[in-house]
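Novice: Questions regarding the structure given below will be posed in turn.
The values are calculated or read from the model by the stated rules, or taken from the named source; none is laboratory data. None of these values were measured; they are calculated from a predicted model. Here the Cβ positions follow ideal geometry from the backbone for every residue, glycine too, while neighbour counts run over all protein chains shown.
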Amino acid sequence: MNQLLSVILQSLQNNVYLSFFVILLVSLLIIFILQLIAASHKEGRSVGFFGINLGAKPPSEQLTTTSPPPVSLDKIDKKEVSPRLPPISVPVLKRVCMISSEYPPRIYGGLGVHVDNLSKAISSHVDVDIILPCNKNTDDGCSYYPRTARIHPEPMAKTEASYEKPISWLFFAQHVSDKIKNLNTLPDIVHCHDWVTILGGIKCR
């Protein structure tokens, strides 16, 4: 046996192509055995090579497919049955307050149009208050579209805020919560539009 192995090794050393072929063949054989073992574990089978059981599982680890015995409804204690959960109560929204820097006819971009369209859309379901700034430097600084039955623009006469003065929105935010507290009815939701109104919403919260 030792002489046979020596002859084989000597042949492999002298022939590079034969060595490469043998290595490739052994690698493919190992991959095949590993895939076969993995498949046997999934299916719960055992695989044997040369008398060695590679894929066997002990009886305690083998999966059983026996179904549990049927339970009679007469044997179930009614006290152990969990009662039905109570229905979830969804709060009904009646009023929404928006904080915006724009509203028709004072529109500088798409924000004022968005607030106008959104207010009209939801006013068929809820009342809408819109907290707005004033600009005392213009004649129409506090003039917005008139109130309707369910849409109520609320300009803040004591607060002057404009995009030309970014710090002015800090004062606007400071007085927003007071304005909302003084409304006839407190809103269920406060919706802030644009970054200049965020601090006002945080103060309201």
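Novice: Of all residues in region 194-203, which are in contact (Cβ under 8 Å) with a residue 40 or more places away in the chain and either over 14 Å from L132 (Cα atoms) or in a loop (DSSP other than H, G, I, E, B) (or both)? Talk me through it step by step, then tell me what you get.
Specialist: Of all residues in region 194-203, those in contact (Cβ under 8 Å) with a residue 40 or more places away in the chain come to 194, 196-197, 200-201.
Correct list: D194 only.
Novice: Sticking with this structure for a sec: Against the definition (in contact with a strand residue (DSSP E or B) (Cβ under 7 Å, 6 or more places away or on another chain), of a type outside the set (F, W, Y) and over 13 Å from S101 (Cα atoms)), how does I180 come out, yes or no? Steps first, answer last, please.
Specialist: Numbers: in contact with a strand residue (DSSP E or B) (Cβ under 7 Å, 6 or more places away or on another chain): yes; of a type outside the set (F, W, Y): yes; over 13 Å from S101 (Cα atoms): yes.
Considered against the rule, which asks whether it is in contact with a strand residue (DSSP E or B) (Cβ under 7 Å, 6 or more places away or on another chain), of a type outside the set (F, W, Y) and over 13 Å from S101 (Cα atoms), I180 comes out as yes.
Novice: Let me ask you something else. Give the residue that is surrounded by the most Cβ atoms within 10 Å (Cβ to Cβ), with candidates limited to residues of region 183-193 that are more than 23 Å from the chain's Cα centre (by Cα) and touching a residue at least 40 places away in the same chain (Cβ under 8 Å).
Specialist: P187
Novice: Take the conditions surrounded by 13 or more Cβ atoms within 10 Å (Cβ to Cβ) and modelled with pLDDT under 85 and apply them to E160. Does it pass?
Specialist: In short, yes.
Conditions tested, residue by residue: (1) at pLDDT below 65; (2) in a loop (DSSP other than H, G, I, E, B); (3) in the same structural domain as Y163 (by TED's automatic domain parsing); (4) in contact with a helix residue (DSSP H, G or I) (Cβ under 6 Å, 6 or more places away or on another chain).
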site: T65; (1), (2), (3), (4): yes, yes, no, no
site: P68; (1), (2), (3), (4): no, yes, no, no
site: V71; (1), (2), (3), (4): yes, yes, no, no
site: K79; (1), (2), (3), (4): yes, yes, no, no
site: L85; (1), (2), (3), (4): no, yes, no, no
site: I88; (1), (2), (3), (4): no, yes, no, no
site: V113; (1), (2), (3), (4): no, no, yes, no
site: D116; (1), (2), (3), (4): no, no, yes, no
site: S119; (1), (2), (3), (4): no, no, yes, no
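Novice: Select from region 157-166 the residues that are touching a Phe, Trp or Tyr at 6+ places or on another chain (Cβ under 7 Å) and in a strand (DSSP E or B) and list them in ascending order.
Specialist: T159
Novice: If you don't mind, another one. Looking at region 89-103, which of its residues are more than 27 Å from the chain's Cα centre (by Cα) and over 18 Å from D127 (Cα atoms)?
Specialist: Selection gives S101, E102.
Novice: Select from region 121-143 the residues that are modelled with pLDDT of 85 or more and assigned to a loop (DSSP other than H, G, I, E, B) and list them in ascending order.
Specialist: Within region 121-143, S123, S124, H125, V126 meet the criteria.
Novice: For region 167-182, give me the residue count where each residue is touching a residue at least 12 places away in the same chain (Cβ under 8 Å) and part of a loop (DSSP other than H, G, I, E, B).
Specialist: 0
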